[in-house]
Amino acid sequence: MRQSNGIAFRIGSRCTLVVGCLLVVCGAALASGDCLRIAGADFSAQLPWFYHGVALEKYQEHSIWSFEVNGLELSAGKYTVAIVPKGEPSELAVSWDGRTFEQRQVREGRVELTDIGRDSRMLSFYTKATGGERSNPVECVLVYPAGRSFAEAKEAAKAYRPYERKIRLDEREILQKEHWDEFSAVLQRGKFGKKQLREMFEEILRWCMRRQVLDANDPHYGAIYSEEDKYDFRDAAAAAVCFMRAWRDTGDEEYRRRALLARAYVYKGQHRENRANTEQYGGFCQMVGGKWGEFRRLKGPLPNVTGVETAIVANLLVKTYELGLAPSQEDMDYLNAAATWVLNSEFHPGVFHHHQGSTTDCQNSNILGAMALARAHQALEKLGRKPPESWLEASRRGFAHYVEGQEAIGCWPYLFATIGRGQAFREQNLPDQGMGMYHFLVACDTPTFRDQPAAREAMKRAARWWLAMSRIDREPPYATIDLDSRAVRPGLRFSTFTWCRFMAAASLLRIAQNTDEKEPWRALALAYMEHVRTKLWNTSDPNKAPVQRAAKEPMTLYSWIQAVEWEGALVREMEDCLP
């Protein structure tokens with residue numbers, strides 16, 4: 001970390017820099033002599049008061065403005081950022097975290113942030129309205145190569161407006177002054193806790209037992225047969241975790257036997273045909289494919305590798321070790337092969353394949369890859385193996401690249417530094433936020449990433465995004481708090497998956513455990529689970545899982561809808577996080 005004129009810059013592994021405490025990465029070529037003029041009105045927004053170190057309990061007005069542009073394309077070099085305020089103030093309060101401000105002199109109509117080095121795709125900082133005003137104080141921002149004068153830049157600058165920043169705060173009902181007190185009252189009700197979580201787990205456990213394939217002649221022996229007609233490897237890995245939890249609870253060896261069967265089935269989904277085929281060897285596949293759900297069986301060659309699946313399974317396999325299902329040398333070989341595939345899938349620094357052959361810079365697959373390498377390294381090292389240091393080097397690159405993509409509101413665009421899935425308090429970001437942040441938090445529990453201040457700040461900002469995305473569901477039997485996916489149309493819409501609520505709750509409880517903010521994150525996590533238990537729970541049809549797969553029906557894509565076994569594993573993690 002180095003300082004330049006009071007604004008912090010962090011240099012990372014991909015020629016990255018941070019402006020406003022957010023890292024940015026070089027994009028496609030824009031001639032280094034070009035200059036950009038960015039209108040303050042196009043990219044300024046006010047975030048809720050609780051982003052600025054102000055207590056959550058009471059709704060509060062404030063005069064802080066966030067300026068952020070993502071997806072900038074600047075060629076390599078050093079730049080000056082000149083903030084031109086409205087009017088003629090003598091000073092402008094500037095911050096890079098939205099909490100600690102520095103009064104900076106306005107000279108010749110601007111505040112200059114100079115000597116900003118390397119390449120940039122995100123420009124982000126905060127200002128305070130001047131005097132008694134509350135309106136956005138920034139007229140425009142000029143970005144131009146170091147060495148050119150402001151006058152030259154002003155003359156040469158091109159207007160930059162490929163999109164407008166619309167964070168959609170006005171759509172968040174609970175953040176309107178007249179609704180905040182009602183939301184706070186529901187949030188603090190405190191009816192739901194460890195007892196109810198354990199009840200949920202027990203019902204999911206019974207489902208796993210009813211649906212496990214116990215016919216040794218069946219090729220899917222040990223799998224969990226989903227209500228969606230799938231025998232997925234991820235489902236079996238999560239079920240193994242659930243069975244081991246039950247074994248630790250009761251000492252009943254039947255649970256341990258079932259965990260072993262489930263884990264043995266998981267291995268059938270790993271490519272081990274040809275060690276020389278680095279595109280596949282060690283990677284796991286899914287038993288569901290195709291846009292609308294093609295249910296596969298163990299017949300013929302395995303489908304192509306899914307990087308996301310490989311990382312999730314690796315984490316769950318490590319969890320079985322931690323719960324007492326001691327691995328054999330062969331078990332460790334499977335984990336070693338999975339981590340090796342993840343390592344080989346890093347096709348740019350910190351960028352891991354989402355699936356075999358993918359070329360996108362997907363935020364989720366990057367942090368999943370980083371997590372899997374850190375988890376596998378930690379587990380195998382504890383067991384006496386000597387995994388290569390290259391695993392941790394790649395893991396650090398993926399972790400840093402994920403952190404640098406977080407926007408001011410706390411969410412990540414699905415694809416790094418792109419516009420569309422990100423930038424807003426929007427329902428379409430719910431599954432992406434949960435998948436990425438949960439595995440980021442798992443990575444943060446490894447020795448490689450423990451106790452990193454930048455990670456703690458990312459956690460807190462992500463939690464605030466979930467809070468802003470919450471709503472009051474006033475439907476009977478009583479009001480509950482849910483994630484807001486009401487705007488989603490019927491059909492294929494990931495954000496209505498009940499699974500999103502579990503991922504958010506599991507993440508929030510980890511954030512409460514790993515930061516100095518215990519509340520309101522514990523209360524919010526339990527409120528989501530209370531909503532699931534009260535309004536998204538199946539109590540009548542034994543052929544369907546206890547957890548309803550989606551908050552809306554009908555849903556037609558199956559690969560991520562019903563993840564009940566994984567939800568069972570997450571419920572017990574939530575319980576572990578509670579006092």
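Side notes on the structure shown:
- Filtering segment 75-95 to residues that are open to solvent by 30 Å² or more (accessible area, probe 1.4 Å), hydrophobic (A, V, I, L, M, F, W, C) and at pLDDT 90 or above leaves nothing.
- Within segment 503-522, not a single residue is assigned to a helix (DSSP H, G or I), at pLDDT below 95, more than 14 Å from the chain's Cα centre (by Cα) and not polar (S, T, N, Q).
- Here CYS411 meets the list (1) touching a His at 6+ places or on another chain (Cβ under 8 Å); (2) closer than 27 Å to ILE561 by Cα; (3) free of Cβ contacts under 8 Å to residues at least 60 places away in the same chain almost entirely, failing just condition (1).
- Check on ALA216, open to solvent by 50 Å² or more (accessible area, probe 1.4 Å) and in a loop (DSSP other than H, G, I, E, B): yes
- Screening PHE192, PHE150 for residues that are closer than 29 Å to ALA455 by Cβ and not β-branched (Val, Ile, Thr) leaves exactly one candidate, PHE192.
- Criterion (of a type in the set (Lys, Arg) and either at pLDDT 95 or above or part of a helix (DSSP H, G or I) (or both)) met by exactly one of ARG206, ARG134: ARG206
- In segment 455-478, the residues that are open to solvent by less than 10 Å² (accessible area, probe 1.4 Å), outside any loop (DSSP other than H, G, I, E, B) and farther than 18 Å from HIS439 by Cβ: LEU467, ALA468, SER470, ILE472
- Pick from segment 410-424, criterion open to solvent by less than 30 Å² (accessible area, probe 1.4 Å) and in contact with a Pro (Cβ under 9 Å, 6 or more places away or on another chain), ranking: nearest to LEU169 (Cα to Cα): GLN423
- Flag: SER390 does not match the condition of being farther than 30 Å from HIS179 by Cβ, surrounded by 24 or more Cβ atoms within 10 Å (Cβ to Cβ) and of a type in the set (S, T, N, Q).
- Among the residues of segment 317-353, those identified as open to solvent by 10 Å² or more (accessible area, probe 1.4 Å), within 28 Å of PHE416 (Cβ to Cβ) and not β-branched (Val, Ile, Thr) are LEU343, ASN344, GLU346, PHE347, HIS348, PRO349, HIS353.
- Only one entry of ARG168, ARG189, ARG134, ARG198 meets the criterion of being among the charged types (D, E, K, R), more than 21 Å from ASP34 (Cα to Cα) and within 25 Å of the chain's Cα centre (by Cα), and that entry is ARG168.
- Any chance GLN356 is open to solvent by 10 Å² or more (accessible area, probe 1.4 Å), of a type in the set (S, T, N, Q) and within 25 Å of ASN277 (Cα to Cα): yes
- Extreme residue, surrounded by the fewest Cβ atoms within 10 Å (Cβ to Cβ), among residues of segment 155-164 that are touching a Lys or Arg at 6+ places or on another chain (Cβ under 8 Å) and within 15 Å of GLY40 (Cβ to Cβ): ALA159
- Scanning segment 59-74 turns up at least one residue that is more than 29 Å from ALA417 (Cβ to Cβ), among the aromatic types (Phe, Trp, Tyr) and surrounded by fewer than 20 Cβ atoms within 10 Å (Cβ to Cβ).
The values are calculated or read from the model by the stated rules, or taken from the named source; none is laboratory data. Bear in mind that the values here come from a model prediction, so they are computed numbers and not experimental data. Cβ coordinates were reconstructed from backbone atoms using ideal geometry, including for glycine residues, and neighbour counts include every protein chain displayed. Surface accessibility is based on the protein's heavy atoms, side chains included, excluding ligands, DNA and RNA. Shrake-Rupley method; radii C 1.70, N 1.55, O 1.52, S 1.80 Å.
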